[in-house]
1. Quick one: in the stretch 108-132, which of the residues that are hydroxyl-bearing (Ser, Thr, Tyr) and in contact with a Lys or Arg (Cβ under 7 Å, 6 or more places away or on another chain) is farthest from THR318 (Cα to Cα)?
2. Restricting to the stretch 245-272, give me the number of residues that are touching a residue at least 12 places away in the same chain (Cβ under 8 Å), assigned to a helix (DSSP H, G or I) and either within 19 Å of the chain's Cα centre (by Cα) or surrounded by fewer than 13 Cβ atoms within 10 Å (Cβ to Cβ) (or both).
3. In the stretch 302-352, which residues are at pLDDT below 95 and of a type in the set (A, V, I, L, M, F, W, C)?
4. Check ALA198 against each of (1) under 23 Å from VAL96 (Cβ atoms); (2) crowded, with 22+ Cβ neighbours inside 10 Å and name the one condition it does not meet.
5. Being crowded, with 17+ Cβ neighbours inside 10 Å, outside any loop (DSSP other than H, G, I, E, B) and without any contact (Cβ under 8 Å) to a residue 60 or more places away in the chain narrows it down to one of SER237, SER242, so name that one.
6. For the stretch 68-99, name all the residues that are over 22 Å from SER277 (Cβ atoms), more than 11 Å from the chain's Cα centre (by Cα) and outside any strand (DSSP E or B).
7. Tell me which residues, restricted to the stretch 268-317, are hydroxyl-bearing (Ser, Thr, Tyr), out of contact with any helix residue (DSSP H, G or I) (no Cβ under 8 Å at 6 or more places or on another chain) and under 30 Å from THR133 (Cβ atoms).
8. Is it fair to say SER105 is touching a helix residue (DSSP H, G or I) at 6+ places or on another chain (Cβ under 6 Å) and of a type in the set (Gly, Ala, Ser)?
Amino acid sequence: MSFQIDCRSVPKLLQLLIYLSIGILFPVEAQKTNSTRFRYLDSVIQSYEKKNTDSKSSVLILEMESGIVRYVFRPEIAIERKFSPGSLFKTFSALVFLKYKNAFSYSPEQTIDCAGKFYPEETMEITKGDFSTFHLPKDQNGKNYLRCSLAEGHGKVNLEQALVRSCNVYFLKIAGKNPNLFFSKLKTDWDLTNSTEARLKPYLEPSGNFEDNTTQLRMVSSAIGEGSFLVSPLKISQLYSSIWSFGHRLSPSWETAKRMKVSENPFSNRDLHFVSSMLSEVPETGTLKGLKEWNDSNIEILGAKTGTGTQYAKKYKTHGWVTLLFKRKNQDYILTVFVEKGSGGKEAKDLVLNILKEIGRRDSQLSWRKE
């Protein structure tokens, strides 16, 4: 649709009303023109949803160097809503442990024995509110526990093994050494109470949220992304981008906006490199094992993390996440996938694979002409 307005023949007040109405009537079109690079993925995601009983999904692709959102499917979910992140937070927790290792008497080489269960009552009181928030079954001796991601446990694990294989017990035990300090540093160093300061009109993102007067169990469980913080897929993309780039946190924007720094990265390059090297193993030997076996000359998978977060007020139901770094045409992208039902290692992984296959297929078809 196109039309012309002769501004010289229109009173100034009427001009203003006309231009305002244009902005109101066509904001979606403006958004589309700013994120069309991967628009062909719409059909891939829609097809996936139909095969999975119409479970809603959201996908966001962020250009790491600039913070530009190159693609978003269901922006009302990716930008405007917040969810429990599950094991995606283990990466954040690992960097907190490393930065404040003296306060936690911590070494990444030390091992913790995981038998599949974490017993909070050994170090803290379980409140009535905790029972309404967490699934806390009893063992054969009547003791309440939190499950690990692997029912039979992971055995003895150090930081690298715990992060790659996503061991809950490891992160709960380390955070449990000093719950108040851990919770405080997780909140402030990862800027979890603030939005990403995105420039993605017409969409409005929520600020982060947390509970000031929370229980110790919820503080400790935030190490595995449960009980305290909710975040948007956009926020996850921004924070993981700062990990893989070793750089500042950038304001997500459409293509027309300039690159803008939101905050400094509070972690050392040494620790960021150390954790990034672990994330590179997730698609090979970790919770996304087998993903890197898929081979495409147009796409290189550089790292990833899965998450399975408890749905709000539904402690027996989960949703799935994957955030992944891939290189395409010498450009690094952060792909964040959210599915409202399932887990990161299954449902979200399946959607990620479908997306990467389609990007590779399109690239091979269109490699002869400029994108």
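The values are calculated or read from the model by the stated rules, or taken from the named source; none is laboratory data. As the structure is a computational prediction, the values presented were derived from the model and not from experiment. Note that each Cβ is placed from the backbone with ideal geometry, even for glycine, and that neighbours are counted across all protein chains shown.
1. THR111
2. 3
3. ALA313
4. Every listed condition holds for ALA198 apart from (1).
5. SER242
6. Scanning the stretch 68-99 gives ARG74, PRO75, GLU76, ILE77, ILE79, GLU80, ARG81.
7. TYR312, TYR316
8. Against the criterion (touching a helix residue (DSSP H, G or I) at 6+ places or on another chain (Cβ under 6 Å) and of a type in the set (Gly, Ala, Ser)), SER105 does not qualify.
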